[in-house]
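Data first, discussion second: the structure below is written as structure tokens.
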Amino acid sequence: MNKRFQITRRSFLARCTATAAVTGLPLWFIQEQLAGAAEAHLVAPPAPSPNDRPGIALIGCGGQGCGDALNASNHGDIVAVCDVDQKHAESAAKRFANDGKTPAVYNDFRKVMQRDDVHVIVQGTPDHWHTLVNIAAAKAKKDIYGEKPLTLTIDEGKHVVKAVRDNGVVFQTGTQQRSDQKFHLACELVRNGRIGKLKQVNVFVPAGLREGPFKPVPVPDGFNWDFWLGQAPQVDYLKERCHTMFRWWFDYSGGPVTDWGAHHNDIARWAIGLDGPVAVEAKVVTGPIVGGYTTPSEFEATLSWANGVKQVVKTTPDDGWGGWVINENGQRNGVKFEGTDGWIWVNRDDIAASDKEILHTRLPDNAIRLEVSHNHMGNFFNAVHSRKDPISNIEAGHRSASVGHLIVIALRSGRKFQWDPEREIFTGDGASLGNQQLAREMRKPYDYSFVD
Ligand SMILES: NC(=O)c1ccc[n+]([C@@H]2O[C@H](COP(=O)([O-])OP(=O)(O)OC[C@H]3O[C@@H](n4cnc5c(N)ncnc54)[C@H](O)[C@@H]3O)[C@@H](O)[C@H]2O)c1
């Protein structure tokens with residue numbers, strides 16, 4: 001054997017062993033993943049020269065948008081930032097100033113789309129703005145890293161999928177657990193029958209906030225409240241309605257099930273391997289306070305899938321760390337897969353199984369393999385250069401968000417529904433009540449014509 005190869009192989013094995021020790025993942029899996037990554041690197045498109053790094057614009061400069069933009073800045077140059085809150089936009093412009101160049105500041109994202117030096121949109125607006133921003137970006141032929149949940153409604157998903165595909169742009173949904181090796185391993189093992197026939201998936205998400213009533217206060221200077229509200233009903237400004245807190249209001253989001261649920265339901269769906277469930281029912285466990293946040297803080301939902309799998313989605317009391325710490329019922333924020341021959345539990349901290357051989361026995365060469373990504377933003381920029389789909393493509397974003405939206409419809413209707421995942425409509429008893437909630441009336445001028 002050639003000496004150079006021996007050294008490379010030795011260092012490869014050492015790296016695998018070290019990574020396995022740090023991550024707690026099985027050695028065979030690390031070896032496969034790193035070998036796969038090395039191979040992907042060999043066939044990856046050539047890294048762009050400093051002169052053709054994509055120009056990036058950040059739309060929605062809150063906590064997550066800025067975090068995403070920071071990651072994106074490893075792959076391109078941030079040339080513009082946009083927010084309806086001038087303070088957020090200016091602070092992002094300062095933060096992403098580089099080499100004496102400060103990104104241009106905008107308040108209306110449509111103007112950003114007119115810039116020829118913007119190739120990529122990173123978007124971290126609240127959920128009720130995702131669709132119109134994504135459609136405007138797709139029409140302007142910009143590639144998009146768009147935050148989860150993809151949409152506010154199931155109908156919006158159809159519009160945004162069409163816009164992305166019609167315009168041939170690359171879209172990565174911010175469901176980054178697909179690029180986390182623990183979730184990848186769990187889903188791949190389940191897909192390959194390692195726990196026997198999959199019977200049940202339990203998804204635990206942290207309970208939402210239960211607070212209120214709130215008092216209107218004056219709109220802060222430099223904040224365009226009407227633009228922030230967008231398609232949602234016109235209401236008095238409450239600071240508890242907007243930055244960060246929008247997720248606890250049905251007008252802008254869906255509560256815990258579309259927040260953390262967008263991640264864990266995506267993982268459940270990745271392992272189940274189907275587009276959507278065939279039935280959904282849900283009940284409120286702890287309802288909201290009158291005059292306060294409108295999404296229930298605690299709920300429980302049950303979904304049925306065509307392959308016989310039952311999925312339970314429920315809240316686990318928030319411990320202040322996103323439900324990370326184990327509670328008295330042994331529940332945490334994560335996903336548990338139960339099969340006829342054992343179980344696998346996974347969250348962002350760890351992966352465990354009913355028997356250690358479930359994780360530690362190598363999968364056969366002919367096993368079903370899921371796409372590999374070790375870095376969600378990097379995977380997106382690889383796709384930007386190769387023009388291939390990234391790991392959380394637009395259809396995956398739409399279908400996984402739809403699971404949360406179905407639960408929201410069942411919660412708000414207080415009844416069970418049958419769902420046809422192929423036609424994406426409710427069928428059977430109560431179907432018309434469900435189908436009325438697939439779309440929402442969008443307040444003018446913030447309907448689809450806003451981005452025509
Ligand atoms: N992938 C993840 O792990 C993850 C984590 C947190 C949040 N998120 C998602 O990221 C999104 C943002 O969440 P956040 O917590 O950062 O919210 P945030 O409220 O802190 O930030 C949103 C920003 O968007 C701005 N904005 C609102 N409407 C706008 C518009 N029309 N044009 C331009 N800017 C607009 C707001 O003024 C605000 O600055 C949400 O959809 C959330 O679900 C994802």
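About the Cα centre of region 50-177, what is the dipole size in debye to 20, counting +1 per Lys and Arg Cβ and -1 per Asp and Glu Cβ, all else neutral? Spell out each step's value before the answer.
Values: 15 positive and 16 negative charges, 32 e Å.
Taking the Cα centre of region 50-177 as origin, the dipole is about 160 debye.
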Of all DSSP beta bridges with both partners in region 50-177, the antiparallel percent, nearest 5, is 5
Amide H partners (placed H, <5 Å) of I78, local residues excluded: I56
How much of the DSSP beta bridge set in the chain is antiparallel, as a percent to the nearest 5? 55
Cα centroid of region 345-361 to Cα centroid of region 218-241, whole Å: 45
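Using a 10 angstrom Cβ neighbour count of at most 13 plus a DSSP loop assignment to flag exposed GluC sites (Glu not before Pro), which longest range of the chain is free of such sites? Can you show the working numbers first?
Details: sites that count: E328, E422, E441.
Value returned for the longest uninterrupted segment is 1-327.
Using just the helices of the chain, give the 222 nm mean residue ellipticity in deg cm²/dmol: DSSP H runs with n ≥ 4 each add -39,500 (n - 2.57), and the total is spread over all residues, rounded to 500. Walk me through the intermediate numbers first.
Details: 14 runs with 159 residues, N = 452.
After summing the helix terms and dividing by the residues of the chain, the value is -11000 deg cm²/dmol.
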Pick out, from G76, P216, P233, the residue whose Cα sits farthest towards the positive end of the charge dipole of the chain, with +1 on the Cβ of Lys and Arg and -1 on the Cβ of Asp and Glu. G76
Would you list, by chain and number, the aspartates and glutamates whose Cα falls below 19 Å from the Cα of K416, excluding same-chain residues fewer than 8 positions away? E281, E298, E300, E424, D429
R415 and S354 label points (each 7 Å along its Cα→Cβ direction) are spaced in nm at 3.7
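Determine the shape class of the chain: with a ≥ b ≥ c the square roots of the Cα gyration tensor eigenvalues, call it rounded for a/c under 1.5, and otherwise prolate if a/b is greater than b/c, oblate otherwise.
Judged from the Cα gyration tensor, the chain comes out oblate (a/c at least 1.5, b/c at or above a/b).
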Structure shown: which of K94/K215; K141/K162; K199/K336 lie over 21 Å apart, alpha-carbon to alpha-carbon? K94/K215
Diffing region 210-225: the Karplus 3J(HN,Hα) column from phi (6.51, -1.76, 1.60, θ = phi - 60°), in whole Hz with x for Gly and Pro, holds 10, 9, x, x, 10, 10, x, 9, x, 5, x, 4, x, 10, 8, 5
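Quote to one decimal, in nm, the extra length available between F450 and K239 on full extension: 0.36 nm per residue of separation minus the C-alpha distance between them. Could the numbers behind the result be given before it?
On the way: separation 211, 0.36 × 211 = 75.96 nm, distance 2.56 nm.
Result: 73.4 nm gained on full extension.
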Which whole-Hz ³J(HN,Hα) couplings does region 252-259 yield from phi under the Karplus relation 6.51 cos²θ - 1.76 cosθ + 1.60, θ = phi - 60°, glycine and proline marked x? 10, 6, x, x, x, 6, 9, 8
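Readers should treat all values here as calculations from the given coordinates under stated rules, not as data from a laboratory. For clarity, every value in this text was computed on a predicted model and none was experimentally measured. All Cβ positions, even for glycine, are placed from backbone atoms using ideal geometry, and neighbour counts span all protein chains on display.
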